[in-house]
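Asker: Quick one: this structure, given as structure tokens, is what I'll be asking you about.
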Amino acid sequence: MTLFRNAFVYENGKINQLDMLFDGSSLSVFRGDVSSFDACTVIDNALIIPGLCDVHVHLREPGFSYKETIATGTAASARGGYTAVCSMPNLDPTPDSRENLEKQLEIIRRDAFIPVFPYGTITKGERGASLADLEEIAPDVIGFSDDGRGVQSEEMMRSAMLHAKALGKMIVAHCEDNSLLRGGYIHDGEYAAAHGHRGICSESEWLPIKRDLELVRETGCAYHVCHISTKESVEVIRRAKDEGLNVTCETGPHYILLDDLHLQEDGRFKMNPPLRSPADREAILEGILDGTIDMIATDHAPHSAEEKSRGLDGSAMGVVGIETAFPIMYTKLVKTGIISLEKLIRLMCEAPRERFGIKTDPGFTVFEVETEYEIDPAEFLSKGKATPFAGEKVVGRCLLTVYGGKAVYSKID
């Protein structure tokens, strides 16, 4: 038995302070004499909220289990307070057919600590040449995405949108124009110019978004944009929403809090899209504040230590974030008064579930929000350790995550 005394409890859009009793499987309001309560553990002033939901994670299995597995990735997710994640399809084999998808589903059924909702690919092998077997995989995928690669052909994307709409599924787009990359690997901005690095221009992201929004207007397909990072992306999506198009988007904690002036010559600062300019970061935050950006996703992308040890030039693209997202957002946005706690819960729990139709019971998660601690990648349950937030002092350590009446993560004695 654990008593959460004077806990801050989120329910129906509001925070109430209550005494809550956890009996090992369920949570209930405790109305007795707290001073005489003889529990195994008493914890004061905890925060209790619904389990978080991340619509953009890389669990790397099948095909790349040296980077992450379903087991390690979902254990890390539970440690971060998540009770639902959507797994991206850049795997081996890619889930572009029923046969290939079933290989992933079998591992999920066997090893996952929390619900995992896989994406199917848009195109065969994510190569952009022909559509995946969308109809046969549709019943068991959360949406269609070629994440990690942009769909280069306008006609291919139009065809994908028409098929997705007919199947009642969403297109979830990694927007990147390969013809504009020119060998770049960080943002084409001040840091790249000062340190002799090849840059990725902002147009490589926002021009494909603009193209796709024209197709959404034409097809009526439900459309979601992954990991936006530029001020132009925010603006074109804002205008599309004003028009009433069926579009949503996400960004990640690193795009909200960091820009290219925070870069170091270290692979833990290399991701795709890259950290952009201070003006882009400010526009992303404004998009959070005015509702243009619907949700926060981590793009949790683990790699081996060796793959992230080659500096900005040679390291693999991608950083981890599933175990740090809530504490870093709570500390930097809520504690500073930039957004309310209710807004953060909306961004990290409610909006993702609503947009993606995730109807599983969210369970709940408990955070200790008074004691400062330092983010230490050595403590991560993920195989990936590369985070730009290593060493940051934060509050919001996860104490307990419960899903399906079972503690899927606990630090409570």
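The values are calculated or read from the model by the stated rules, or taken from the named source; none is laboratory data. From a predicted model like this one, the values you see are computed outputs, not experimental measurements. With ideal geometry, Cβ positions are generated from the backbone for all residues, glycine too; neighbour counts draw on all protein chains shown. Note: accessible area is taken over every heavy atom of the protein model, side chains too, but ligands, DNA and RNA are not part of it. Shrake-Rupley method; radii C 1.70, N 1.55, O 1.52, S 1.80 Å.
Asker: Using amide H atoms built 1.01 Å from N in the peptide plane, name the residues 5+ places from residue 82, or on other chains, whose amide H lies under 5 Å from its own.
Answerer: Those qualifying (amide H under 5 Å, at least 5 residues apart or on another chain) are 52.
Asker: Now, a different point. Test of the criteria: in segment 325-397, which trypsin sites (Lys or Arg not before Pro) are in a DSSP loop and have at most 16 other Cβ atoms within 10 angstrom of their Cβ?
Answerer: On the way: sites: 332, 335, 343, 346, 353, 355, 359, 383, 385, 393, 397; in loops: 335, 359, 383, 385.
Answer by residue number: 335, 359.
Asker: With viscosity set to 1.567 mPa s at 4 °C, what whole-number translational diffusion coefficient in µm²/s follows for segment 23-125 from Stokes-Einstein and a Kirkwood radius over Cα pairs? Please list the in-between numbers first.
Answerer: Numbers: Rh = 15.9 Å.
Rounded, D is 82 µm²/s.
Asker: OK, next. Using the Karplus curve 6.51 cos²θ - 1.76 cosθ + 1.60 with θ = phi - 60°, what ³J(HN,Hα) values do you get for each residue of segment 245-259, in whole Hz, with x for Gly and Pro?
Answerer: Once rounded to whole Hz, the list reads 5, 7, 9, 9, 8, 10, 9, x, x, 5, 6, 6, 10, 10, 9.
Asker: Of the peptides 273-282, 235-244, how do they stack up when ordered by the mean number of other Cβ atoms within 10 Å, highest first?
Answerer: Working: 273-282: 21.1, 235-244: 16.1.
Result, highest mean Cβ count within 10 Å first: 273-282, 235-244.
Asker: Kirkwood Rh, Cα Rg: Rg to Rh for segment 170-212? Could the numbers behind the result be given before it?
Answerer: Details: Rg = 11.9 Å, Rh = 11.0 Å.
My calculation puts Rg/Rh at 1.08.
Asker: Could you pull out every residue, at least 5 positions away or on a different chain, whose amide H is within less than 5 Å of the one on residue 225? Hs are placed 1.01 Å off N in the peptide plane, and Pro or chain starts have none.
Answerer: 173, 248, 249, 250
Asker: Using the Cα atoms as the points, what is the convex hull volume per residue of segment 228-336 in Å³?
Answerer: Values: hull volume 11.2 nm³, N = 109.
Looking at segment 228-336, the number lands at 103 Å³ per residue.
Asker: Then there is this: Can you give the FRET efficiency for residue 194 and residue 33, using 1/(1 + (r/R0)^6), R0 = 56 Å, r = Cβ-Cβ distance, to the nearest 0.05? Intermediate values should be presented prior to the final figure.
Answerer: Numbers: r = 64 Å, r/R0 = 1.14.
According to the calculation, E is roughly 0.30.
Asker: Could you look at the chain and say what percent of its accessible area is carbon and sulfur, using a 1.4 Å probe and all protein chains? Provide the component values of the computation, followed by the final result.
Answerer: Working: 7480 of 15790 Å².
The value for the chain is 47 percent carbon and sulfur by accessible area.
Asker: Give me the accessible area per residue for the chain, probe 1.4 Å, as a whole number in Å². Could you put the intermediate results ahead of the total?
Answerer: Details: 15790 Å² over 413 residues.
About 38 Å² of surface per residue is accessible.
Asker: How large is the direction-averaged shadow of the alpha-carbon convex hull of segment 298-413, in nm²?
Answerer: Values: hull surface 35.2 nm².
Computing the convex hull of the Cα atoms and averaging its projections yields 8.8 nm².
Asker: Under the rule of at least 5 residues apart or a separate chain, name every residue whose amide H is placed under 5 Å from the amide H of residue 201.
Answerer: 188
Asker: What ³J(HN,Hα) values, in whole Hz, does the Karplus curve 6.51 cos²θ - 1.76 cosθ + 1.60 give for segment 176-189 when θ = phi - 60°, with x put for Gly and Pro?
Answerer: Karplus-based 3J(HN,Hα) across segment 176-189 equals 7, 8, 4, 5, 9, 6, 6, x, x, 9, 9, 5, 7, x Hz.
Asker: Give the span of the chain's Cα atoms along each principal axis, as three whole-Å numbers ordered largest to smallest.
Answerer: 69, 50, 44
Asker: Using r as the Cβ-Cβ distance of residue 177 and residue 361, and R0 as 51 Å, what FRET efficiency do you calculate, to the nearest 0.05? Intermediate values should be presented prior to the final figure.
Answerer: Numbers: r = 41 Å, r/R0 = 0.79.
Given R0 = 51 Å and the Cβ-Cβ separation, E is 0.80.
Asker: Continuing with the same structure: Subtract the Cα-Cα distance of residue 246 and residue 282 from 0.36 nm times their separation in residues, and report this length gain in nm to one decimal. Can you show the working numbers first?
Answerer: Numbers: separation 36, 0.36 × 36 = 12.96 nm, distance 2.49 nm.
Gain on stretching residue 246 to residue 282: 10.5 nm.
Asker: Let me ask something additional. Sort all Cα-Cα distances of segment 33-90 into consecutive 5 angstrom bins from zero, then give the percent of pairs in each bin up to the one containing the longest distance.
Answerer: Going from the shortest bin to the longest, the percentages are 4, 16, 20, 15, 11, 8, 8, 7, 6, 3, 1.
Asker: Using a 10 angstrom cutoff on alpha carbons, build the Gaussian network for the chain and name the most mobile of 57, 234, 29.
Answerer: The residue with the greatest mean-square fluctuation here is 29.
Asker: Per residue Cα convex hull volume for segment 250-309, in cubic angstrom? Mind showing how you got there, number by number?
Answerer: Values: hull volume 4.1 nm³, N = 60.
It is 68 Å³ per residue.
Asker: Next question. Could you work out the local net charge near residue 55, counting Lys and Arg as +1, Asp and Glu as -1, over the other residues with Cβ closer than 12 Å to its Cβ? Kindly include the intermediate steps, with their values, before the conclusion.
Answerer: Numbers: positive: 353, 355; negative: 54, 147, 250, 294, 299, 354.
Net of charged neighbours comes to -4.
Asker: What percentages, rounded to whole numbers, describe P(r) for segment 140-299 computed over all alpha carbon pairs with 5 Å bin width beginning at zero?
Answerer: Going out from 0 Å in 5 Å bins, segment 140-299 shows 2, 9, 19, 22, 20, 14, 8, 4, 1, 0 percent.
Asker: Follow-up question, since we're still on this one. When the chain is fully extended, how far beyond the present Cα-Cα distance does residue 412 get from residue 342, taking 0.36 nm per residue of separation? Write out the running numbers ahead of the final one.
Answerer: Values: separation 70, 0.36 × 70 = 25.20 nm, distance 2.53 nm.
Length difference between fully extended and current span is 22.7 nm.
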